[in-house]
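Engineer: Please find one structure pasted underneath; my questions will follow.
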Amino acid sequence: MSLAPSGHLKIDWVKEHMPVLNRIREQFEKEQPFKGLKVAISLHLEAKTAYLAKVVKAGGADVTITGSNPLSTQDDVAAALVEDGITVFAKYNPEPAEYKEHMIKTLEIKPDLIIDDGGDLVTILHSERPDLLAQVRGGCEETTTGVIRNRALEKSGELKFPMIAVNDAYCKYLFDNRYGTGQSVWDGINRTTNLVVAGKTVVVVGYGWCGRGVALRAKGLGAKVIVTEIDGIKAIEAYMDGFEVMPMAEAAKHGDYFVTVTGNRDVIRGEHMEVMKDGAILSNAGHFDIEINKQELEALAASKRVVRKDIEEYALKDGRKIYLLAEGRLVNLAAGDGHPAEIMDMTFALQAISLAYVNEKYEEIGARVLNVPYELDERVARLKLEALGLGIDILTEEQKAYLESWKEE
C-alpha cells in the first residue's frame, strides 16, 4: 500500500487526458446506471484501466478488478485503486496458479456485469465455475481474441449471457487497434532494446488493424517493412500500402525485428527461427504468449540468459543469438505503458456506455454476441471531436431527402 501515492499520480495524469471518459463519468454520477450492482473487470491493470474502473464505480457499482496479463499489472496503480474503494486481486508477475486464482476470486463476488479482455472471465464462468453464472446479466469484450472466443461459445450454443464486442466498434479498431497498438508497440520495443529502427527490416506478422498500425509506425521510424498474411485481401492491401509481402518461411531470413499480431498460435515456429539472422529480435502484440513458439525456441538454444530487463537471449547451437522480448507476452504492456491515454479515452468510453447499454437491455438482447450499436459509436466520436475543438457538417433537409429517395431530383 505504500506504493499508492505513485499510482494516484499516474491515474491523475491519464484523467487529464481522457476528456470523453470524463464526460461519461459526469453522466454516470447523475444517473447511477449501476446502482446496487457488482461489476467484475479483467483488463491490463494500469492507470487508464484504473480510471475506467473509477468511472464505473462513479455510476454506483461495487467494482472488483483483476489483471488480464501477469506482466502488465502495475502495483502502484493497484494500491491506489484499493485506497479508492475498489477491490483488487492482482499484482505484477504472479505465479501462474496465483494469476488464475486472482481471476476466480474476482468472479466469486457473483457479478451482475463483467468487462473482459481476451475472454478469460467468460471462459472460466462457462467451463470451471458455472455456479457463478446465474447472476450475470452480460458484459463487454475488449479484444479480437476475446471476441473470437465469445463467438465460438455463441456458435456452439453454450453462451449464457449477452456480450458486446467492443473490439469490433469503429471507434475501437480504427483508432485503438491501429494508432494505439502502432505507437505503443514501438514505445515498448524501443524503451526495452534502446536500439535503432531506421534502416532495419521489420517483419509484421498479420495485417489486421493492429498489424496495419505496427507497419505504419515502423515505416515512419525508417524501417523496411515485410508483411506476412494468410488472407489474400489483406495481403494485397499491404502490398498496395507499400510493403513487401511474402510467406514467413522467406520473411524469417530477412527480419531484424519481428512483431506478431494475429491472435493465433505458432505463427513463428522453430523452422522459421532456424533461418533467422544472428541478433533477430522477436516480440508479440497479440493477447496470449502463444504466437511465438517458445518451446521450439528453447529446443534450438544451447543456453539462455536475461541480458536486459524484458530481454531474454537465446544462444543457438550454431552460434547465432535470438532475442525474445517480454517473454513473448504483449510487448506494449508487458514492456511498456500500453496505448496512449487519448486513444484509450475512446475505447474505455465505449466500454463504459456499452456496459450501461447491456445492463439496460440484457433481457432483450439474449445470450448472443452483439456489435456495439452505431449510435453509441457515433456518440463517442462526437464527444471526441468536441474535446478536440473540431466541428463537422450537418446535412440539410434537402440533402437528407435526396439520400432517402430513389429519384434523381
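The values are calculated or read from the model by the stated rules, or taken from the named source; none is laboratory data. Being a predicted model, the structure only gives us computed values, none of them experimental. Glycine also receives a Cβ, built like all others from the backbone with ideal geometry; neighbour counts cover every protein chain displayed. Surface areas here come from the heavy atoms of the whole protein model, side chains and all, with no ligands, DNA or RNA. Shrake-Rupley method; radii C 1.70, N 1.55, O 1.52, S 1.80 Å.
Engineer: If we only count helices (runs of 4 or more DSSP H) wholly inside segment 281-373, which ones have 3 or more residues that are among the charged types (D, E, K, R) and in the same structural domain as residue 210 (by the TED database)?
Structural biologist: 294-300
Engineer: So is residue 263 modelled with pLDDT under 95 and either not in a helix (DSSP H, G or I) or not assigned by the TED database to the domain that holds residue 147 (or both) or not?
Structural biologist: Answer is yes for this residue.
Engineer: Spot the failing condition for residue 276; the list is (1) in a loop (DSSP other than H, G, I, E, B); (2) open to solvent by 60 Å² or more (accessible area, probe 1.4 Å); (3) modelled with pLDDT of 95 or more, and only one is missed.
Structural biologist: Of everything listed in (1) in a loop (DSSP other than H, G, I, E, B); (2) open to solvent by 60 Å² or more (accessible area, probe 1.4 Å); (3) modelled with pLDDT of 95 or more, residue 276 misses just condition (2).
Engineer: Now for a different question. Which of the residues belonging to segment 123-151 are open to solvent by 60 Å² or more (accessible area, probe 1.4 Å) and aliphatic (A, V, I, L, M)? If you could, list the steps in order and put the result at the bottom.
Structural biologist: Restricting attention to segment 123-151, the residues satisfying the condition of being open to solvent by 60 Å² or more (accessible area, probe 1.4 Å) are 127-128, 130-131, 134-135, 137, 144, 148-149, 151.
Matches in segment 123-151: 134, 148.
Engineer: Just give me the residues in segment 251-284 being among the β-branched types (Val, Ile, Thr) and either out of contact with any Lys or Arg (no Cβ under 8 Å at 6 or more places or on another chain) or within 19 Å of residue 143 (Cα to Cα) (or both), in sequence order.
Structural biologist: Within segment 251-284, the first condition is being among the β-branched types (Val, Ile, Thr), and the residues that meet it are 259-262, 267-268, 275, 281.
Hits for segment 251-284 are 259, 260, 261, 262, 267, 268, 281.
Engineer: Could we say that residue 173 is in contact with a strand residue (DSSP E or B) (Cβ under 9 Å, 6 or more places away or on another chain) and among the aromatic types (Phe, Trp, Tyr) here? Explain how you work it out, then say what you get.
Structural biologist: On the way: in contact with a strand residue (DSSP E or B) (Cβ under 9 Å, 6 or more places away or on another chain): no; among the aromatic types (Phe, Trp, Tyr): yes.
For residue 173, the condition - in contact with a strand residue (DSSP E or B) (Cβ under 9 Å, 6 or more places away or on another chain) and among the aromatic types (Phe, Trp, Tyr) - is not met.
Engineer: Within segment 170-219, track down each residue that is assigned to a loop (DSSP other than H, G, I, E, B) and either in contact with a helix residue (DSSP H, G or I) (Cβ under 7 Å, 6 or more places away or on another chain) or open to solvent by 10 Å² or more (accessible area, probe 1.4 Å) (or both).
Structural biologist: 194, 195, 196, 197, 198, 199, 200, 207, 208 - these are the residues of segment 170-219 that are assigned to a loop (DSSP other than H, G, I, E, B) and either in contact with a helix residue (DSSP H, G or I) (Cβ under 7 Å, 6 or more places away or on another chain) or open to solvent by 10 Å² or more (accessible area, probe 1.4 Å) (or both).
Engineer: If residue 110 satisfies all but one of (1) within 23 Å of the chain's Cα centre (by Cα); (2) closer than 16 Å to residue 161 by Cα; (3) touching a residue at least 60 places away in the same chain (Cβ under 8 Å), what's the number of the condition it fails?
Structural biologist: Tallying (1) within 23 Å of the chain's Cα centre (by Cα); (2) closer than 16 Å to residue 161 by Cα; (3) touching a residue at least 60 places away in the same chain (Cβ under 8 Å), residue 110 fails exactly one: (1).
Engineer: So which strands (runs of 3 or more DSSP E) are wholly in segment 1-100 and hold at least 1 residues that are free of Cβ contacts under 8 Å to residues at least 12 places away in the same chain and under 20 Å from the mean Cα position of the chain (by Cα)?
Structural biologist: Filter on segment 1-100 gives an empty set.
Engineer: Mind checking which pairs have a first residue in segment 281-307 that is over 16 Å from residue 257 (Cβ atoms) and a second that is β-branched (Val, Ile, Thr), Cβ under 6 Å, 6 or more apart or different chains?
Structural biologist: Every condition considered, the pairs that remain are 287/143; 287/145.
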